[in-house]
Structures are given as structure tokens and as C-alpha cells.
Amino acid sequence: MKIESAAFYKSVTHLADLPKNNFPEIAFAGRSNVGKSSLLNTLMGHKGLARTSATPGKTREINFFIINSKFYFVDLPGYGYAKVSKSLKEEWAKLLEGYLKNRESLKLVVMLVDSRHPTTELDIEMQAFLSFYGRHLAIVRTKTDKLNQSMQSKAKRETERIYSDYDFMIDFSAKNGKGKKELLKQLDGFLK
Ligand SMILES: Nc1nc2c(ncn2[C@@H]2O[C@H](COP(=O)(O)OP(=O)(O)O)[C@@H](O)[C@H]2O)c(=O)[nH]1
Ligand SMILES: [Mg+2]
């Protein structure tokens with residue numbers, strides 16, 4: 001896949017506001033600070049399009065980006081950030097769950113896990129949830145530039161051991177571009 005154009009489309013905080021034109025979409029999920037905005041910026045070839053922030057947990061909306069005028073990349077709210085109120089957490093969970101459960105145009109969820117500790121309880125819960133709803137799932141290990149080759153192989157074995165029901169797994173780095181080409185190629189196959 002070649003990304004010819006990418007633009008912010010809309011921010012959604014209530015399920016009723018989800019886009020209604022049935023473009024296929026690919027959603028990106030992961031714990032706060034896992035490197036989701038950085039990955040999206042890398043894929044879209046646009047440094048500031050998805051915000052990258054040093055204060056994680058701030059984005060609570062579902063953000064839609066329109067790609068090549070024909071599909072969406074969807075930036076889901078990061079989960080598992082401790083320093084927000086319980087009621088805000090419940091609000092996010094409701095939004096996230098409602099979206100993942102019911103969204104018909106959602107073709108694939110790309111779950112990002114930190115290659116340095118790829119299997120936290122929250123990630124495992126998230127994966128079980130997605131698999132329960134029959135979602136296609138990809139797992140991307142982020143920030144691989146922080147690991148040497150043998151640590152990367154270890155993280156790979158660990159994720160392969162823990163997770164099941166995924167369509168593909170990829171090692172990625174927003175810093176050195178590792179995995180970008182392969183990921184775009186894989187995503188193409190889900191946008192039919
Ligand atoms: N070394 C390295 N740092 C990264 C990478 N991706 C993200 N980061 C850093 O990790 C922090 C969180 O990244 P961000 O993309 O905002 O994460 P998000 O909260 O999941 O959207 C930032 O300080 C980024 O610069 C990567 O591939 N390599
Ligand atoms: Mg972000």
C-alpha cells in the first residue's frame with residue numbers, strides 16, 4: 001500500500017458521532033505511551049498528524065484519519081493509564097467497547113505492545129476481548145530500536161507464546177522505520 005494522502009478527519013467522544021459513510025477502517029489500540037501516535041505518524045508520513053505527547057493518557061477521543069480518500073485509520077484511546085479518575089476510565093471503556101463490539105466497517109485492529117514488556121495483563125485482556133468479538137487482530141511490537149537482536153527474538157517468542165488468534169505480528173520502530181513497509185503491505189490485505 002502506498003499512502004498518497006492522509007488527513008485528520010474527526011474526533012469522536014460519543015458512539016452516535018461515528019462516521020456514517022462506510023469506508024473500511026483499521027483501528028490502532030494499545031496502552032498509553034506504547035508508541036501509537038508515533039506509529040501512525042510514521043505510517044502516514046506526517047510528523048505531527050497524530051499527536052505525540054510526553055503526558056500519556058490525555059487523548060480520550062477516537063480519532064479518525066482519512067487515507068487516500070478511501071479508508072480510515074482510527075486512533076483509539078490508550079488504555080490503562082492510572083492517573084485518571086474512575087468515572088473517566090469507565091467512560092473510555094464504554095466508548096472503546098461499544099466501538100469494538102459493533103462497528104461494521106472495522107476490518108482489523110492493530111494492537112500495539114511494547115517490545116520491552118509485551119505481555120501485560122491489560123494487553124492480554126484486550127486481546128481476549130477482541131478475539132471474543134471475532135475481530136481480525138494484528139500485533140505490533142513497538143520501540144524495537146531499544147532492544148538488541150537477541151532481546152527482540154526473546155520478545156517475539158514471548159508474544160507468540162502468550163497470544164493466539166492473531167492474523168500477523170510485526171516488529172516496529174518509529175525511530176528507524178523498521179517494519180513500516182511490511183506493516184503497510186499487510187494492512188492492504190484487510191481493506192477489501
Ligand atoms: N525509541 C523509541 N521511542 C519511541 C518510539 N515510538 C514512540 N516512542 C516514544 O515513546 C513515547 C510515547 O509515544 P507516543 O507515540 O506518544 O505514544 P502513545 O501514547 O501510544 O500515542 C514518546 O516519548 C515517543 O517519542 C520508537 O519506536 N522508538
Ligand atoms: Mg497517542
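The values are calculated or read from the model by the stated rules, or taken from the named source; none is laboratory data. In this text, all values refer to a predicted model and were calculated from it rather than measured experimentally. Neighbour counts run over all protein chains shown; Cβ positions are idealised from the backbone, glycine included. These accessible areas exclude ligands, DNA and RNA; they are computed on the full protein's heavy atoms, side chains included. Shrake-Rupley method; radii C 1.70, N 1.55, O 1.52, S 1.80 Å.
Structure summary
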read-out: Debye-sum result for the range 117-159 in log10 I(q)/I(0), which assumes one identical scatterer on each alpha carbon, at q = 0.33 Å⁻¹; value: -1.17
read-out: Length-normalised contact order for the range 40-192 - Cα pairs under 8 Å, 6+ apart - percent; value: 19
read-out: Eligible lysines near LYS156 by straight Cα distance, threshold 26 Å, same-chain separation 8 or greater; value: LYS36, LYS107, LYS143, LYS146, LYS175, LYS178, LYS180, LYS181, LYS185
read-out: P(r), alpha carbons of the chain - 10 Å bins starting at zero, rounded %; value: 9, 39, 40, 12, 0
read-out: Stokes-Einstein diffusion coefficient of the range 1-49, Kirkwood radius over Cα pairs, 4 °C, 1.567 mPa s, in µm²/s; value: 101
read-out: Average accessible surface area per residue within the chain, 1.4 Å rolling probe, Å²; value: 52
read-out: Packing-based ranking, highest mean first, of 156-162, 107-113, 14-20 given that Cβ atoms within 10 Å are counted; value: 107-113, 156-162, 14-20
read-out: Span-like helix ranges in the chain, DSSP H, alpha carbon extent 15 angstrom or more, Kyte mean at least 0.0; value: 121-132
read-out: Between the range 121-140 and the range 167-191, the Cα center-to-center distance that results, in Å; value: 18
